[in-house]
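The structure appears below as structure tokens.
The values are calculated or read from the model by the stated rules, or taken from the named source; none is laboratory data. Small disclaimer: the values here were computed from a predicted structure and weren't measured. Virtual Cβ from ideal backbone geometry, glycine too; neighbours counted across all protein chains shown. Ligands, DNA and RNA are excluded from the accessible area calculation, which covers all protein heavy atoms including side chains. Shrake-Rupley method; radii C 1.70, N 1.55, O 1.52, S 1.80 Å.
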Amino acid sequence: MKVMRLLSSLKHDESERGIFHLGRALVKNEHTSIIVASADEDNDLVKRLKRDGNHYHQLHMNKKSWLSLLQVSALRQLIEKYDPDVIHVHSRTPAWILHLALRRARVKRMPKLVSTMYGFYPINKYSKALLDVDTIITVSDSVTNYLKKGLRREDADPKTIKRIYRGVDTRRYPYRHNPSVYWLRHTFAEYPELEHKKWLVFPTVIGHEYGQEWLIDILGNLQEQFPNIHVIIMDEDYKVNDVVHEDFRQRTNALDLADRITYVGSKRNDMREWLSAANIVLALANEPESIGINALQAIHLGTPVIGWDQAAFSEILQPLYPQGLVKKYNANALCKAVRNQLESVTRPEMTNKFTMREMIDETIAVYQDLHNKTLAEEQAEADAAAISRIHKSLKKPSKLNRKLTSRYSESLYINPELSLDKNSKVDLRKKKPKTTDISKTPAASEMIQESKKT
């Protein structure tokens, strides 16, 4: 089976898409994995893909860029070269390029198409190419419900929808992982204010939809009862022309809470260490979250997570850590949940749900199911063609049969001039053949007379 995957970029690592793990699993199962993205050939991520046995090709299919349409011909050539059985698109721009490339593609058979919806994309014309596929993979039940409602609202035919949760690599995020002493020393040297504190980690950047304003309520209400609580934000300490970021900074300064907040930056490769060292990981997004990968990673590490009872956070915490759910959107309920956790620590139990292995197996099963349908369709067409040939051969007699038929018909031919009278009767009884007496013939009588003379 040949599987081609189209991506705008490789920036979203295995935390969301499982690009590397899925490619490695395809190659391991003796399938062909082709990846098309915009990263350069000398990129470390591309080298990693090639090392795992994937075929990589660079095409600039940047999101929401009209220049990406220039790659239609190049993508068509790749499709004709590999003739993939399944093509998986991971965003809307590559989906449009794919549909344009397939219009004139010279392939033995049209590939089956798969797309993944990673968020609550608007159901509009721009998303149409992502929906016009054989199977749509959604990353959570909340995205599935949103998609079904949107398809009904747009009066579109619902596609085959398969929900596959994003998974965590349990080897990279093992249960009860502890940061190394070296990492802790280096962190305390860089951020000395974090030593001997209880860490409340906010594992995302500051934005209108991420709910950083709830941190002010937590610190303001609990700083007297817990004087050593400290918030760690995975964002830069300053952003130019960022109104939301500046508003948050001004509010914390006005309330004298700035000393209880540390910004460690967003571009870090040690997220695992921060999540495992945290006392609590906060999932406070104001808008429904479709994946919630950071909360999921923290759960697998055994770190308590407190978040709103909505969308992906609810789907993750309900089966794994229900005591971390906050059902009411108010500061009192949130502060109560944080207080209870700080007073009596209860960690999530080890789980084998929401794993990378589970995600890969389910995704490959989607590919295999579509490939099996293609084979079944081809077999059905071959059987129909064979049956059609048999019917034609039965209806059209051979040359030998035609000759025998013509001779037989000639023997049964009746001269129309010798028509019978209406009153005449035909004797159908068997008649005895006429016998001739040889002694009565002239030659025989002469021989008898000569014999008498002698």
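Please work out the average accessible area per residue across the stretch 319-376, using the 1.4 Å probe convention, and give it in Å². Display every interim value, and only then the final one.
Numbers: 3180 Å² over 58 residues.
On a per-residue basis, 55 Å².
Using label points projected 7 Å from each Cα along Cα→Cβ, tell me how many nm separate Asp256 and Met350, to one decimal.
4.7 nm
What's the local net charge at Arg76, with K and R +1, D and E -1, over the other residues with C-beta under 13 Å away? Intermediate results must be reported in sequence, preceding the final value.
On the way: positive: Lys81, Arg103, Arg104, Arg106; negative: Glu80, Asp83.
Cβ neighbours under 13 Å give a net charge of +2.
Roughly speaking, what is the centre-to-centre gap between the stretch 342-358 and the stretch 201-233 when only Cα atoms are used, to the nearest Å?
One Cα centre to the other: 23 Å.
Using a 1.4 Å probe, what is the accessible area per residue for the stretch 32-171, in Å²? Could you put the intermediate results ahead of the total?
Details: 7100 Å² over 140 residues.
Result: 51 Å² of accessible area for each residue.
Among the listed pairs Lys63/Lys148; Lys128/Lys148; Lys64/Lys159; Lys28/Lys159; Lys2/Lys81; Lys47/Lys128, which are separated by more than 22 Å between their Cα atoms? Kindly include the intermediate steps, with their values, before the conclusion.
On the way: Lys63/Lys148 24 Å; Lys128/Lys148 14 Å; Lys64/Lys159 24 Å; Lys28/Lys159 30 Å; Lys2/Lys81 12 Å; Lys47/Lys128 33 Å.
Where the Cα-Cα span goes over 22 Å, the pairs concerned are Lys63/Lys148; Lys64/Lys159; Lys28/Lys159; Lys47/Lys128.
Roughly speaking, what % of Cα-Cα pairs in the stretch 34-178 are separated by over 22 Å, rounded to a whole number? Write out the running numbers ahead of the final one.
Values: 5081 of 10440 pairs.
Cα-Cα pairs in the stretch 34-178 separated by more than 22 Å: 49 percent.
Could you tell me how far the Cα centroid of the stretch 97-140 sits from the Cα centroid of the stretch 263-303, in Å?
What the calculation gives is 31 Å, centre to centre.
What distance in nm separates the simple spin-label points at Asn340 and Ser9, each placed 7 Å from Cα in the Cβ direction?
4.0 nm
So how much slack lies between Ser266 and Trp66, counting 0.36 nm per residue of separation and subtracting their Cα-Cα distance, in nm?
On the way: separation 200, 0.36 × 200 = 72.00 nm, distance 2.93 nm.
That works out to 69.1 nm of additional length.
Taking all protein chains in place and a 1.4 Å probe, what share, in percent, of the accessible surface of the stretch 45-99 do carbon and sulfur account for?
Working: 1430 of 2620 Å².
Reported share for carbon and sulfur atoms: 54 percent.
Calculate, for Glu80 and Asp383, the FRET efficiency according to 1/(1 + (r/R0)^6) with r their C-beta to C-beta distance and R0 30 Å; round to the nearest 0.05. Walk me through the intermediate numbers first.
Working: r = 28 Å, r/R0 = 0.94.
According to the calculation, E is roughly 0.60.
Can you compute the FRET efficiency between Leu394 and Ala365 using 1/(1 + (r/R0)^6), with r the Cβ-Cβ distance and R0 = 35 Å? Round to the nearest 0.05. Write down the numbers at each step before the final one.
Numbers: r = 43 Å, r/R0 = 1.23.
Once the sixth-power term is evaluated, E becomes 0.20.
So, R0 is 35 Å and r is the distance between the beta-carbons of Asp141 and Asp40; what FRET efficiency does that work out to, to 0.05?
So, using R0 = 35 Å, E works out to roughly 0.40.
Label 7 Å along Cα→Cβ of Glu358; the stretch 113-156 residues with amide nitrogen under 16 Å?
Inside the label zone: 138-142.
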